[in-house]
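The values are calculated or read from the model by the stated rules, or taken from the named source; none is laboratory data. Owing to the predicted nature of the structure, the values given are computational and were not obtained by experimental measurement. Cβ coordinates were reconstructed from backbone atoms using ideal geometry, including for glycine residues, and neighbour counts include every protein chain displayed. All accessible areas refer to the heavy atoms of the entire protein, side chains included, with ligands and DNA or RNA removed. Shrake-Rupley method; radii C 1.70, N 1.55, O 1.52, S 1.80 Å.
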Amino acid sequence: MRRASHALAAAALLTALAGCAMGSNAASPGGGGTTSGSSPSASASSTPGASSGAVLTTSTSSLGKIVVDGKGMTVYYYSPDKPGSGKSTCTGGCAALWPAVETTSTTPKVQGVTGTVGTITGVDGKLQVTIDKRPIYTYANDSKPGDVNGQGFGGIWWVMDPTGAEVMQMPSSTSSGVGTGGY
């Protein structure tokens, strides 16, 4: 019984990972997106944006200064997403493991982010935030602000710095979970 339970769990994990690694080319509802420039604030914050009402802000992590969502959770790019396409290719199991950063405004409030912030219609029909015309996500296995467990996952998930550039280095801490199969 225990062996069957482990086999089912492994099959579910592989299904979810396949969705993340392969993505989907299905068009999202409202495939066209809107992009709006943001006017970055004068000072970057290392505190979660929840207190400021910002959808995105910055924080210092083991990877240096990075973009985080309003709850202080690390934000990631998905390499298969094409800049300017107006759609996310992270669907199904991928979207469950890598939730879209969403907003209710076409001009999301940001603090310390200097890349161009905008929105698209996400796979669930809600507004998904973009940086430099690329959809952004959080990682379900990041349990607290400062976690960067998704960095480099599958060679396709990357943290970004405040300018919107991908951070390609790996975390200095070996406890990040990167490459451990603990996803």
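Working from label points 7 Å from Cα in the Cα-to-Cβ sense, the Thr104 to Met168 distance is 4.0 nm. Taking all protein chains as shown and a probe of 1.4 angstrom, Met73 keeps an accessible surface of around 30 Å². Solvent exposure of Asp147, expressed as accessible area, is near 20 Å², computed with a probe of 1.4 Å over the protein chains only.
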